[in-house]
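Here, each number is a calculation from the coordinates, and none is a lab measurement. The structure displayed is predicted, hence computed values, not measured ones. Note that each Cβ is placed from the backbone with ideal geometry, even for glycine, and that neighbours are counted across all protein chains shown.
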Amino acid sequence: MRRAIVLAVALVSAVESQSQPKPESVCQVLSDLIGYSGKLVRVRGKISRTRTTFVAGVNCPSEIRVGSVEFENIINLEWPGNSNVEARGPKVPFEFDQASFRILERALASWDRQSQEVFVTIEGLIVTRTPPFNLVHPRFPTQPIGFGHMGAAPAEFIVKRVENIQFVQIK
């Protein structure tokens with residue numbers, strides 16, 4: 001079943017990607033977070049899951065540091081209509097592709113975390129706190145208040161569409 005899902009996603013992605021610009025990497029977005037904030041972009045990265053789902057940069061050359069807090073090279077994933085998104089109130093200028101979300105959920109349900117990594121291309125809206133010092137609690141300077149579980153992500157990606165899901169065997 002997983003091979004059928006991956007094959008279907010790959011075929012749809014191949015057709016769509018012919019007319020789409022090449023996606024940015026998570027590292028590119030994180031290196032100019034303020035410049036990307038509020039923009040609709042396509043990003044390619046590795047899925048990471050704790051209590052929330054992230055897209056992670058692979059071998060990013062630098063980290064994001066705000067004061068003494070070093071953020072992970074990850075972007076938290078949220079979907080339009082989610083209570084977290086609604087509470088923060090960023091305007092979402094698109095309709096959410098629920099079919100691609102269901103494909104992602106089915107693919108992740110079959111993910112063997114011990115032997116596989118999952119890479120995806122995501123289109124959506126990048127959101128961060130500006131200025132960057134707002135990513136750290138003003139009275140507790142070692143406490144991050146980023147996005148996702150434990151505020152560990154310096155940015156959030158409000159997902160419009162998920163494409164090109166790829167399982168890669170860990171060596």
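In straight-distance terms, cross-link reach from Lys39 covers every one of the lysines whose alpha-carbon lies under 17 Å from its own, apart from those fewer than eight places away in the same chain; here that gives Lys22, Lys91, Lys160.
For GluC sites (Glu not before Pro), the sites in the stretch 58-159 that DSSP calls loop and that have at most 11 other Cβ atoms within 10 Å are Glu95. The distance separating the Cα centre of the stretch 84-126 from that of the stretch 60-74 comes to 23 Å. Relative to the dominant Cα principal axis of the chain, helix 2-17 is inclined by about 70°.
For the chain, the longest principal axis of the alpha carbon atoms and the long axis of helix 98-109 meet at an angle near 90°. Classify the stretch 92-141 as rounded, prolate or oblate, taking a ≥ b ≥ c as the square roots of the eigenvalues of its Cα gyration tensor: rounded when a/c is under 1.5, otherwise prolate if a/b is larger than b/c and oblate if not. Here the stretch 92-141 falls in the oblate category. Oblate is the label for the stretch 87-171, because the ratio a/c of its alpha-carbon gyration tensor axes (a ≥ b ≥ c) is 1.5 or higher and a/b is not greater than b/c. Under the simplified labelling scheme, the Val58-Asn84 pair shows an inter-label distance of 2.4 nm, with each label point 7 Å from Cα along Cα→Cβ.
Couplings 3J(HN,Hα) of the stretch 133-142, computed from phi: 5, 6, 7, 10, 4, x, 9, 10, x, 9 Hz, in residue order, whole Hz [Karplus 6.51 cos²θ - 1.76 cosθ + 1.60, θ = phi - 60°; x for Gly and Pro].
Only helices enter this figure: runs of n ≥ 4 DSSP H residues, each worth -39500 (n - 2.57), summed and divided by the residues of the chain, yield -7000 deg cm²/dmol at 222 nm to the nearest 500.
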